[in-house]
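Each remark here refers to the structure printed beneath this line.
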Amino acid sequence: RVSPLLCRAEPGHRLRVLGPFGSFVVAPRVDGIARRLVLLAGGAGITPLASIARTVLLREPDAKVAIVYANRCEEETIFASELDELAIDHAGRLALVHVTGLLDRAATSRALDSLPIAAHPDARFFVCGPDGMRDEVLAALSARGIADHAIAIERFAIGPRPHVAISSAAIAASVAPGARSIAIRLKDRTYRTIALPGATVLEAGLAAGAPMPFSCGVGGCGACKVKLVEGNVELEEPNCLSDAERAAGHVLACVGRPCGPCTVEVPEEA
């Protein structure tokens, strides 16, 4: 939806954009342990991984990084020259492995076997690429005994989601069978509304006029993350929430459907 609009953009147009969000990040180092990162990319999936590699290498002189990057052919390699320069500038700290064709289970295993960093007990693995490639890479990591908490995933697509259209008149019909009452705390105001059967927290909140933050709408970005204060919310899987975020009581409003009366709180920074 965005690309056609950008193609028509002209000098003088003003764009308001959201800042970065989500959990596919390298958190600031607090324990003093030298970072070991293995970044596995397919096609355009190199985009966030190249940024992660560049930032970590520049900021942390003791960090080591490996990039395993798959493309259909050499001509389609994004950031080819930039990655080569990065490997030269950080020789001995950045290992760059190019794979031509699909990064399947076997190719992933071969690449990891060639990288001593992959066997390091503190290594973390970041995976970004098309669905098929991602599933094959995760299978290879699982076969090596890599724990889930050591793996971060950026999903290209989550898949189609059911959408429940809600009108203001429908919201007023709180007696509808299966309707759920929701309280949404946002800054210094609480919005009280009703989610009809099948509706998400986000759909109910927007229909009630609550200025809730959101972006992708399919559980892939984390922009709509809220804190569950009371009640239960069922989330569609897979989604981008990390184990730590789930443990802290966070849910995604765009793919979260209340199981009963609930209260959620929108973070202040939203």
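Summary table
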{"quantity": "Subset of region 223-260 that is closer than 13 Å to Gly22 by Cα, part of a loop (DSSP other than H, G, I, E, B) and among the small types (Gly, Ala, Ser) - its residue that is most open to solvent (accessible area, probe 1.4 Å)", "calculated": "Ser242"}
{"quantity": "Subset tally (residues that are over 17 Å from Leu115 (Cα atoms) and crowded, with 20+ Cβ neighbours inside 10 Å) for region 31-48", "calculated": "3"}
{"quantity": "Test: Ile194 is in contact with a helix residue (DSSP H, G or I) (Cβ under 8 Å, 6 or more places away or on another chain) and at pLDDT 90 or above", "calculated": "no"}
{"quantity": "Check on Leu5, surrounded by 12 or more Cβ atoms within 10 Å (Cβ to Cβ), assigned to a helix (DSSP H, G or I) and either without any contact (Cβ under 8 Å) to a residue 40 or more places away in the chain or polar (S, T, N, Q) (or both)", "calculated": "no"}
{"quantity": "Scan of region 103-114 for residues that are surrounded by fewer than 17 Cβ atoms within 10 Å (Cβ to Cβ) and touching a strand residue (DSSP E or B) at 6+ places or on another chain (Cβ under 8 Å), ordered by number", "calculated": "Ser114"}
{"quantity": "Any chance Leu202 is at pLDDT below 90 and under 22 Å from Thr190 (Cα atoms)", "calculated": "no"}
{"quantity": "Selected residue [touching a helix residue (DSSP H, G or I) at 6+ places or on another chain (Cβ under 8 Å), of a type in the set (S, T, N, Q) and more than 28 Å from Ala106 (Cβ to Cβ)] from Ser3, Ser23, Ser51", "calculated": "Ser23"}
{"quantity": "Test: residue in region 195-207 that is in contact (Cβ under 8 Å) with a residue 24 or more places away in the chain, open to solvent by less than 20 Å² (accessible area, probe 1.4 Å), under 17 Å from the mean Cα position of the chain (by Cα) and closer than 30 Å to Arg134 by Cα", "calculated": "no"}
{"quantity": "Residues being modelled with pLDDT under 90 and polar (S, T, N, Q) - total across region 5-52", "calculated": "1"}
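The values are calculated or read from the model by the stated rules, or taken from the named source; none is laboratory data. No experiment lies behind these values; they were computed from the predicted model shown. Don't worry about glycine lacking a Cβ; one is built from the backbone with ideal geometry, like all the others, and counts go over all protein chains shown. What goes into the accessible areas is simple: the full protein's heavy atoms, side chains included, and nothing from ligands, DNA or RNA. Shrake-Rupley method; radii C 1.70, N 1.55, O 1.52, S 1.80 Å.
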